Structure formats: C-alpha cells, structure tokens
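These notes are about the structure you will find just below.
Each reported figure results from applying straightforward, stated rules to the coordinates on display, with no laboratory input. Small disclaimer: the values here were computed from a predicted structure and weren't measured. Reconstructed Cβ throughout: ideal geometry from the backbone, glycine too, with neighbour counts over all protein chains shown.
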Amino acid sequence: MTGGVAAVQARIAEIRAYVEPVAVATTSATPATSATTGSVAATTSATAAPGTGFAAALAQVTGAAPAADPATVPAGALSTTVTGQDLVESAKKYLGTPYVWGGESLAEGGLDCSGLVLRSLADLGITSGVPRVARDQATIGQEVPSLAEALPGDLVVLSGGKHIGIYVGDGQMIDAPKPGKSVTIRDVYAEPTTIRRVLPQQAATPTATALSSDALSSALASTSAGQNALALLTGSAGATGSSPAALTGGSLTSALQRLGAGSTSTTSSLLTSLWGAAS
C-alpha cells in the first residue's frame, strides 16, 4: 500500500503548481485548538481542522513524520529542523578518517576533533554560528547538566575544552581522538567539562502498521472532498446507496495500489479531491 500512497503524493505535488486549490465544503468544522507537543487531548469542544486527520493518517501510512520535535529545540539551537540524530549520521560518514591536526575536510587528509564537528554540521547545511575550535564550540547551544541526560547529537567537551566529540547514545561518542588514530565511536572516557545541546531531537516516527486502511478511510471520509476521493478510489462514484463509511480498508488498499498506473480524468478528479482533503 505504501507505494500507492507515494504515487498519490507525487501526483498531488505535480498538479499543485498548476491548479488553484479547490474549495472544500465542510459542516460546522472548528479549527483545532493548540495542544502541548507530545500529548494528545480528545475533547468535544474542539475538533481538527478539515483535512488534518487525512494528512496525519497519510503521513502515518507512508512513515512520514516531522524531522524534528519542536518541543526539544534547545536554546541557541543551530537549526530547528536538523536533528541530533542527523548530526550523528553525518559524523558516521567519517568513521575511519585519519586524525589530522587542523583538518576540517578530507581534502586536507583528515579531521581533528573540532573539525569533525564543523564538517558534520556543514554537510547538513549548518555553517553559521559554528566556531572552529573545541574551546569555542563548548560555548554554543544549551548546557546539558550531566552525561546521564545527554541525547544523540549533543556535543561532549572534555579536558577543559581541549577535546570534543558528538554523543551517539549509551555512554558513547564519535570523535577524532588524536594523531595516529582515526575517527571512531568509543566510550566517553572521562567526566565531560560540559555538554552542549545544539539541535532538537527527531520526532517519533509512526509506523505504517500503526494505522490501518480503515483508519485512512475514516480520515478521508471526514471531508466532502475526501468522500469524493474515496468514491473515486474504490470505483463507487455514482453508485446507489454507497457510503464512504461503508468502504472497506481492503478496497482502499487495492485502489491505492492501482493508482500509479493511469492518467485518466478520474485520476485527475481523485487528485483534486485528495488535495482538497489534505488542505
């Protein structure tokens, strides 16, 4: 089913630049009230804005999720979208790279400890506000009280600011140790001088199995545009007595799997409806 949903998203993106948004008729829909990130509150007085249920459901089915959890953005963050996990993965590309004092690119033959931090952030598009040397890198972002509270992507400063690494979790860091050694992952070997949080954490990623096709059907059926899309998806448009609520997850799954093949007017109508449902 994931491939079919991806096809829907791709086609919506294609027509978004050419077609004006379709007005979606709704009945007594009330915009969603703000809620604390990470908590889910069900109330009878506030309902989700039209299409938000469908958009969330579609994101769950495809495994899509916000790159960063807004609730974890630290003070003085270098980015609100790049995550600590992204930084760890960026640094891992340099595992095995030789230590070279003053090195900040492979063109120089290797990296030193602060050069690894600088290079890994630059690879993620973060170049502003990043000092060159460890002693200065030890002053950016938000201080983390202890190693027990460190999270992936935090900067671990050691030896009074003479050395720095990137925390990967489970008491380990990735760093460029010293001459004769290479970039490696190892235990944080001493009490840190300071730990600095410079990036937010990755948002929890819902899995495709966490949401059934029935749930996606229900989300689609929450708007008139979504109801039209459901009817088109399952081939029941114009059928007497057909009801969006009665459409099964199985029929929706089959329809999504077939969606990528054609370019008919029905597909265009479907995409327009899906766009309206997600707006």
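Stretched out straight at 0.36 nm per residue, the stretch from SER146 to GLU89 would grow longer than its current Cα-Cα span by 18.2 nm.
Kindly state, to the nearest 0.05, the FRET efficiency for TRP101 paired with ALA190, given R0 = 30 Å and r defined as their beta-carbon distance. Here the calculated transfer efficiency is 0.90.
Fewest-first ordering of ILE140, ILE195 by other beta carbons within 10 Å of each residue's beta carbon gives ILE140, ILE195. Here's the picture: a label point sits 7 Å out from the Cα of SER128 along the beta-carbon direction, and within the range 69-110 the residues with their amide nitrogen under 11 Å of it are 79. Among TYR167, TYR99, TYR189, the order by Cβ neighbours within 10 angstrom, fewest to most, reads TYR189, TYR99, TYR167.
Phi angles across the range 137-145 convert, under the Karplus curve 6.51 cos²θ - 1.76 cosθ + 1.60 with θ = phi - 60°, into 3J(HN,Hα) values of 4, 6, 10, 8, x, 10, 6, 9, x Hz, Gly and Pro given as x.
Averaging the sequence gap over all C-alpha pairs within less than 8 Å and six or more residues apart, then dividing by the number of residues, gives the range 70-197 a relative contact order of 29 percent.
Each other residue within a Cβ distance under 10 Å of LEU158 adds +1 if Lys or Arg and -1 if Asp or Glu, for a net charge of -1. Computed from the C-beta positions of ALA204 and THR81 and an R0 of 22 Å, the FRET efficiency is 0.85 to the nearest 0.05. Listed by chain and number, the aspartates and glutamates placed with their C-alpha closer than 20 angstrom to that of LYS178 are GLU104, GLU108, ASP112, ASP136, ASP187, GLU191; residues fewer than eight positions away on the same chain are left out.
With the dipole of the range 70-197 worked out from charges on the C-beta (+1 for Lys and Arg, -1 for Asp and Glu) around the Cα centre, which of PRO98, PRO152, TYR189 lies farthest toward the positive end? Comparing the listed Cα positions along the dipole, PRO98 ranks first.
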